[in-house]
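The values are calculated or read from the model by the stated rules, or taken from the named source; none is laboratory data. These figures come from a predicted structure and were not determined experimentally. So basically every Cβ, Gly included, is an ideal-geometry build from the backbone, and we count neighbours across all protein chains shown.
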Amino acid sequence: MHTIIRLALIALLFIPVTIAAQQSDFISLKKKDRTIKSYFKGSSFEFIHRNGTGISGYIDRIYKDTLYMYAYDIRMTPTPWGTRFADTIGRINLKFGLHEIAAIPKSRKGFEFVRNGTLFMIGGVGYAFLHTFNGLIQKAKIHPSTLAISGGVALAGFTMRKLRKYYYPIGEKYTISYVQLNAE
């Protein structure tokens, strides 16, 4: 009896078993020919619509250059004890063509306050304020060179903030590619 079961198990190992799992199509954000990020079914997705509206939600499916998404309407609801909690009011189904996407926000990285110049602006203005305040309190000379240097640091931070790109603008440099996995 055991021999028959063993032979049956061994025979099952050699029978080709195919599991047909339908894979969803996906979209890729590309810079020229290099893929920056890919988005699949179930991933969260944020973008700026052509009309300037920010859209965020989860990808339900991608089919023939159309993006089907859903978002949850979550609101704060009061309790009888005077506190509040987040409650899901409903699910909103959204449908967009890929041509409607104007820009995709960049993911935030560590030390963003240094990269976008905030630290330099705070440091420059703060040092100028402290130098002026201490000079007035101690009746000491306020050095214009010190104020100029701290102003330059603040100006460098302001310039860094203005030059920082927070979005991938879809157009010539960045594109969205539709990748079809299922041949129909």
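Summary of values
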| item | result |
| --- | --- |
| Search result, residues across the stretch 34-63 that are at pLDDT below 85 and not in a strand (DSSP E or B) | none |
| Selected residue (criterion: nearest to the chain's Cα centre (by Cα)) from residues of the stretch 22-33 that are more than 15 Å from residue 105 (Cα to Cα) and either part of a strand (DSSP E or B) or of a type in the set (Lys, Arg) (or both) | 27 |
| Those helices (runs of 4 or more DSSP H) lying entirely in the stretch 68-184 with at least 1 residues surrounded by 15 or more Cβ atoms within 10 Å (Cβ to Cβ) | 118-137, 144-163 |
| Residue satisfying condition, being hydroxyl-bearing (Ser, Thr, Tyr) and under 30 Å from residue 61 (Cα atoms), within set 79, 175 | 175 |
